[in-house]
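Here the structure comes first, spelled out in structure tokens, and everything after it is commentary.
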Amino acid sequence: IATIFLDNDLRVRSFTPAATEIFHLLESDTGRPIDHLGSRVSYPQLSDDVRKVLSKLGTAEREVKSRDGAYYIARVHPYRSVDNFIAGAVLTFLDVTNTVKAEAALRESESRLRLLLSELQHRVRNTLSLVKSITARTANSSRTVDDMAVLLGGRLDAFARVQAAVTRNPD
């Protein structure tokens, strides 16, 4: 997890190697204000979030995106010194790119599934309407119940063969 420790003046105190993937950090950047460093993520509210966390002793969390399309959960927490006073803030950046992409793929998949389900419902309604029509016409042209059963069975078998043929070669 990319981590940056800032003092109360928003100057870099220390950072983890992973933080260099998000900010253009060098060892010589220790002591520099975070606003003076180049960043690979779009987080214009960073300084405001840090100041708010330091003044209210709460936390801040945002989803931020890098220029190369990576997504991070950025969290800002206050930290206490050994003497139990607020010595600054801790910034952490958790890479959630795979999760964000998986969620997008899931939403797309759900959308496609809804479309397919809608199409299936439409086809089932059409099929039931056709079966109802076949049944009504067969009943009108039949003299007995046994005659209707034989004719209806034959017509439904023929319909099933047509459906199978269309399914095998939809063009």
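Taking each residue of the range 121-148 that is more than 15 Å from Q163 (Cβ to Cβ) and looking for partners that are open to solvent by less than 50 Å² (accessible area, probe 1.4 Å) and not in a helix (DSSP H, G or I) with beta-carbon atoms closer than 6 Å, six or more apart or interchain, yields M148/S142. Where strands (runs of 3 or more DSSP E) fall wholly inside the range 52-171, the ranges with 2 or more residues that are closer than 29 Å to E21 by Cα and open to solvent by 90 Å² or more (accessible area, probe 1.4 Å) are 60-66.
Looking at D29, D48, which one is open to solvent by less than 90 Å² (accessible area, probe 1.4 Å) and among the acidic types (D, E)?
Details: D48 fails: open to solvent by less than 90 Å² (accessible area, probe 1.4 Å).
Matching residue, one of D29, D48: D29.
The values are calculated or read from the model by the stated rules, or taken from the named source; none is laboratory data. The structure presented is a predicted model; accordingly, all values stated were derived computationally and were not measured. Because the Cβ atoms are built from the backbone with ideal geometry, glycine has one as well, and the counts that use them run over all protein chains shown. Side chains are part of the model used for accessible areas, which takes the heavy atoms of the whole protein and leaves out ligands, DNA and RNA. Shrake-Rupley method; radii C 1.70, N 1.55, O 1.52, S 1.80 Å.
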